[in-house]
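Here's the structure we're looking at; comments come further down.
We did not get these values from a lab; they are worked out from the coordinates using the rules stated. Just so you know, these numbers come straight off a predicted model, no measurement behind them. Counting neighbours? That spans all protein chains shown, and the Cβs are built from the backbone with ideal geometry, glycine included.
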Amino acid sequence: MKSKNTICLWYEHDAEAAAHFYASVFPDSAVGAVHRAPSDFPGGKADAVLTVEFTVCGIPCLGLNGGTAFKQSEAFSFQIATDDQEETDRYWNAIVGNGGTESACGWCKDKWGLSWQITPRVLTDAMAQGGEVAQRAFQAMMQMGKIDVAKIEAAIHG
């Protein structure tokens with residue numbers, strides 16, 4: 001049964017390449033059906049890939065090759081929870097190393113402009129504690145690009 005809610009992501013023309021990249025990097029991710037345009041459309045020609053069904057970490061998505069009318073923005077991002085520094089590094093390096101760009105506080109963008117938050121659970125757990133622990137973890141995070149688990153842990157312990 002298909003999901004009732006699917007995230008639709010706009011790409012200029014390479015939704016299929018993006019879907020295959022995500023499926024190669026993240027667990028519980030796969031590329032499903034690829035649908036071709038039945039006729040010419042504002043972003044492309046008949047028989048060009050129009051949409052791609054895929055999942056990212058179990059979340060159903062639809063990549064739409066819509067042309068240049070719209071761009072990705074930080075108003076939407078995938079937040080990927082990680083268990084340790086090795087997993088954090090693996091996802092961050094895959095995105096940034098494949099034409100992406102680094103940002104701040106655990107955020108980066110892939111080469112298609114989609115934003116990702118690569119967030120160790122130690123950070124989200126500290127923020128959920130509130131109080132001084134959250135404050136120290138938050139201050140440490142504000143100094144980072146990619147999250148450094150050891151520095152977050154040190155901040156948590158004062």
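Before anything else, pin down the relative contact order of region 77-156: Cα pairs under 8 Å, at least 6 apart, normalised by residue count, whole percent.
Values: 141 pairs, mean separation 25.5, N = 80.
Result for region 77-156 is 32 percent.
When the charge dipole of region 1-77 is built from unit charges on Cβ atoms (+1 for Lys and Arg, -1 for Asp and Glu) and taken about the Cα centre, the candidate among S3, T51, T68 whose Cα reaches farthest toward its positive end is S3. To the nearest 10 degrees, how steep is helix 85-97 against the longest Cα principal axis of the chain, on a 0 to 90 scale? Roughly 40 degrees between the two axes.
Karplus-based coupling profile of region 13-22, in residue order and whole Hz: 7, 10, 4, 5, 5, 4, 4, 5, 4, 4, with θ = phi - 60° in 6.51 cos²θ - 1.76 cosθ + 1.60 and x standing for Gly or Pro. For S24 and E86, a Förster radius of 22 Å and the Cβ-Cβ distance give a FRET efficiency of 0.80, rounded to the nearest 0.05.
In a simple Cβ point-charge model (Lys, Arg +1; Asp, Glu -1; nothing else charged), region 7-65 has a dipole of about 40 debye relative to its Cα centre.
Each of I7 and K45 was given a label point 7 Å from its Cα along the Cα-to-Cβ line. The distance between the two points is 3.3 nm. Around the Cα centre of region 23-158, unit charges on the Cβ atoms of Lys, Arg, Asp and Glu (plus for the first two, minus for the last two) sum to a dipole of about 420 debye.
Working note: Karplus 6.51/-1.76/1.60 with θ = phi - 60° gives region 130-146 the couplings x, x, 5, 4, 4, 4, 5, 5, 5, 4, 5, 4, 4, 8, 10, x, 5 Hz, where Gly and Pro are set to x. Here K45 is the anchor, and the aspartates and glutamates within straight C-alpha reach of less than 18 Å, apart from those fewer than 8 places off in the same chain, are E12, D14, E16.
Model label sites at A134 and S77, defined 7 Å from Cα along the beta-carbon direction, differ in position by 1.8 nm.
GNM on the chain, alpha-carbon springs under 10 angstrom: the most fluctuating residue among S39, S103, S29 is S39.
Amide H contacts under 5 Å for I147: G106, restricted to partners 5 or more places along the chain or on a different chain, H placed in the peptide plane at 1.01 Å from N.
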